[in-house]
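Okay, so here's the structure we're looking at.
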Amino acid sequence: MNVPPLGAWPRNGGVDVAVFSANAEEIEFCVFDPQDCEIARHPLGRRLGDVHFDFIPGVATGARYGLRAHGAFEPWRGHRFNAAKLLLDPYATRIDRPFKLDAAMFDTGEAPSGSDSAAFMPKAIVSAPPVAAPVPPACDWQDLIIYEMHVKGFSKRNEAVPEGLRGTFGGLAHPASIEYLRALGITAVEVLPCAAWLDERHLPPLGLNNYWGYNPVGYCAPDPRLAPGGFAEIRDAVTALREAGIATILDVVYNHSAESDEFGPTVSVRGLDNAAYYRLLPDDPRRYVDDAGCGNILACERPAVVRLITDSLRLWASATGADGFRFDLAPVLGRNAAGFDAAAPLLTAIAQDPVLRERVLIAEPWDIGAGGYRLGDFGAPWAEWNDKFRDTARRFWRGDKGMRGDMATRLAGSADIFARSRRPPSRGVNFVTAHDGFTLRDLLSYADKHNEANGEQNRDGTGNNYSWNHGVEGPSDDAGIAAARACDARALLATLLFSRGTPMLSMGDESGHTQRGNNNAYAQDCDLSWLDWAGMDQELIAATQRMIALRRTVPALTCDVWLTGKSDQEGALPDVAWLRPDGAPMAVGDWENPDGATLIAVLNAPAGRAMLVLHAGWQAETLTLPPPLAAHRWELTFDSADLARQADDVETATAAPRSVLLLLETPRGPRATGASDQTVRALATKAGLAPFWWDVEGVRHIVSPGTLRALLASLRLPTGSETEARASLQCL
């Protein structure tokens, strides 16, 4: 007896249907006409183990269907079967409309509700397996610059995108969207969840809806709001991004479902087999273990759940060609009844799967359960969000005392977290802000959260933001305050982009996006969350472009090895030297000084040395530079406090208050004379740095020849183009 794959798949004038349920007495396959009327019910008459299956003749591709499960409604035993509730097939790859809550979806108390939910449920659509996308090339972690984004929020207000595409994957694939990301220098987008989701039940009475999508109900089906064209639309967007040199990472949510707690709706796996899919409280199976803070968690150590999740991941990988996945609240995926286990069945299955193990795998390494903070515990091949970087960078620039040593550790890649599992610095994903929390602009404008629009009396969202407002809460017309906030924004972005590890920008931080102090905008599907293209801070965008360009062309900033403070060969310079402002090496007493506000690292890489200065003090600081190598000089390449400031052949430098400096050691050479615009433009284009050279508030900026030589020396150009570029350099 051959059991077909789980789901509903067309074959020879009908459809093969297979559904997992260990405890159901019977599963019915229910067919609906275009007017949403139920026209047929087909019991799945065959069973092998816990899989109910059958071949249903006469059901064609495009047919709309749902499932009904018959069995005991005994919540005290963990069973919640109710055939009055139409259920989404968890393996459905397409649904006919978005989910919308209705009272008919709910059971209450100890008895099942007789209300039939079919009229209010989206219907799955019988579909052939999605066309497989090309397998993506392996990502070069050292080159990743991630841009976390919401598909709808990114293009919804962009008038350069056709109105019908705005807010969808089609809008993301539009040339105007891709050109913005490419010009910024982004090499990977991490898109918030796009699998079908459902609102939390408290939102509709407040006139709100779930915007972020972290409340999934269809793990294998794209949400029609973001991808009305289904997997094909997402695949086209992934392909268009890849052609522009941008990878795609999908944010996925497998820790819980939208069916929530014991008072939640019955729309899918709860009705198919509540006791099998969810972890229930041992002493009261009416209730759910809630390590995700969303009402329930999936029992991810059980074979049926492992299969659902890995099948779903392979589907998304194959159908879209995505380069990888970011896993929300990932410790849940490694939990069993005893707690977290890095070798748990699901984590092991993902790591050994021939399709998944070659993709980017990023864990959000915490949940709210006991022992749920697991930063550093996932091991290879996983990368992890590094909230230690976030908190340290914020506190260092806020002016908290005693942060210099911790900031040095984070700048160097957080070896204390990732080196013990023999992973390189790139497996730490550094960020200053993310979707969950303040935007960068709000981080510097609000001392406290302002979530009143969420309808929860400002109780939701974290109160531990490490933010500061420069003396005024919220917007200010004071030019001095505006300048101070802008200066701090550039300093924080430079800290992120010049640190070792993989940097992640949050959508809009490069353009001054504000959520008016809301640090939990999950239910704000409106202008508060959507990117304001007309009001973008163009100066900040240009500064971000320039920082990204420098990161991509200065190997000393991105070498994917751990710093030791030693040299790899006798007589060579150490890979890092930590200095005081007077040029002397940092001593133990300097590191322990709680008032230290200046961090200086001289980074030595085979392609050259770079000196990075983070000065969080409120007064200017004079710096003595280390002696350059013979026939070399130090060039001031970047100053976050003064974007126009550059200087060749410097022996001392001044760090303005609240600034980041980057200096490069370059060979001495003649000054540039008479370089044509065409030559400089050609070189900049080869380096992918055209925005850096050409326009900052209408003023042209061209780097010195020494800096340009250093940039060209570090480029990984295709065969032949490097020779051409170096030949062109003779014109300078």
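The values are calculated or read from the model by the stated rules, or taken from the named source; none is laboratory data. If you're wondering where the values come from, they're calculated on a predicted model, not measured in any experiment. Every residue, glycine among them, receives a Cβ derived from its backbone with ideal geometry; neighbour counts consider all protein chains shown. For the accessible areas, the whole protein counts, side chains as well, though only heavy atoms, and no ligand, DNA or RNA atoms are used. Shrake-Rupley method; radii C 1.70, N 1.55, O 1.52, S 1.80 Å.
Below are the figures for this structure:
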| read-out | value |
| --- | --- |
| Per-residue SASA entry for Arg580, accessible area with 1.4 Å probe, Å² rounded to 10 | 80 Å² |
| Neighbour net charge for Ser506 - beta-carbon separation under 12 angstrom, K R +1, D E -1 | -4 |
| Inter-label distance, nm, simple model (7 Å from Cα along the C-beta direction), Glu163/Ser476 | 4.1 nm |
| Glu456 paired with Asp649, simple spin-label distance in nm, labels 7 Å along Cα-to-beta-carbon | 6.1 nm |
| Largest-first principal axis extents of the Cα set of segment 1-143 (Å) | 55, 43, 36 |
| Förster radius 22 Å - calculated FRET efficiency between Val3 and Ala343, Cβ distance, rounded to 0.05 | 0.15 |
| Where Thr61, Thr553, Thr409 fall by accessible area, highest first, once all protein chains stay in place (1.4 Å) | Thr61, Thr409, Thr553 |
| FRET efficiency, Leu206 to Met536 (Cβ-Cβ, R0 41 Å, nearest 0.05) | 0.85 |
| Cys526, Cys194, ranked by accessible area, largest first (probe 1.4 Å) | Cys526, Cys194 |
| Solvent-accessible surface (1.4 angstrom probe) belonging to Lys156, in square angstrom, nearest 10 | 70 Å² |
| Added length on full extension, which subtracts the Cα-Cα distance from 0.36 nm per residue, Glu592 to Ala132 | 160.0 nm |
| Span-like helix ranges in the chain, DSSP H, alpha carbon extent 24 angstrom or more, Kyte mean at least -1.0 | 303-320, 479-497 |
| Segment 527-589, relative contact order in percent, only Cα pairs under 8 angstrom and at least six apart counted | 14 percent |
| Accessible surface of the chain, 1.4 Å probe, proportion on carbon and sulfur as whole % | 52 percent |
| Gap separating the Cα centres of segment 389-415 and segment 123-173, nearest whole Å | 34 Å |
| Potential lengthening between Asp416 and Leu528 on full extension [0.36 nm per residue; Cα-Cα distance subtracted] | 36.5 nm |
| Exposure rank, largest accessible area first [Arg422, Arg287, Arg633, Arg427; 1.4 Å] | Arg422, Arg287, Arg427, Arg633 |
| Antiparallel content of DSSP bridges confined to the chain, in %, to 5 | 75 percent |
| Percent RCO, i.e. relative contact order, over segment 342-487, from Cα pairs under 8 Å lying at least 6 residues apart | 17 percent |
| Net charge over other residues, Cβ less than 11 angstrom from the Cβ of His450 (K, R count +1; D, E count -1) | -2 |
| Residue-span extension gain [Ala22 to Ala60] - 0.36 nm each, minus C-alpha spacing | 10.9 nm |
| Shape of segment 203-361, Cα gyration tensor, a/c cut at 1.5 | oblate |
| Signed unit charges on C-beta, dipole axis of segment 142-193, positive-most listed residue Leu144, Ala183, Pro162 | Pro162 |
| With all protein chains modelled, accessible area of Val51 [1.4 Å, Å²] | 20 Å² |
| Residue-count net charge about Ala304 - beta-carbon cut-off 11 Å; Lys, Arg +1, Asp, Glu -1 | -2 |
